[in-house]
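> Dropping the structure in here first, questions after.
The values are calculated or read from the model by the stated rules, or taken from the named source; none is laboratory data. Treat the numbers as computed from the prediction; the structure is a model and nothing was measured. Backbone-built Cβ (ideal geometry, glycine too); neighbour counts: all protein chains shown.
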């Protein structure tokens with residue numbers, strides 16, 4: 001059942017409850033547990049959201065991660081993204097897009113740089 005419907009059922013008066021099967025509360029609790037498990041499973045899997053230039057943007061573990069394509073195939077469940085070279089991590093999709101865009105800007109060289 002949908003969560004909104006489950007909430008409405010729990011708010012019914014006593015006479016409404018008499019029309020429901022005896023195990024209806026257990027069914028609602030089971031449905032809510034299944035929905036929570038699905039939400040937890042989805043949060044624990046990396047999800048490719050988009051490619052931006054030379055980066056893939058992935059949602060994983062409640063964060064948004066810009067992964068350079070140069071790293072090749074990476075399983076974020078087996079590697080800590082914070083330890084991978086060039087990986088950008090943000091709390092929102094907009095923020096990681098901004099970081100990726102900034103990281104891809106060409107570096108301007110000056111005559112002073114060439115003397116180094």
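> Which count do you get for residues in the stretch 53-77 that are more than 19 Å from residue 94 (Cβ to Cβ), surrounded by fewer than 17 Cβ atoms within 10 Å (Cβ to Cβ) and without any contact (Cβ under 8 Å) to a residue 24 or more places away in the chain?
Looking only at that region, the number is 5.
> Need a quick list: helices (runs of 4 or more DSSP H) entirely within the stretch 8-116 having at least 3 residues that are modelled with pLDDT of 90 or more.
Answer list for the stretch 8-116: 93-103.
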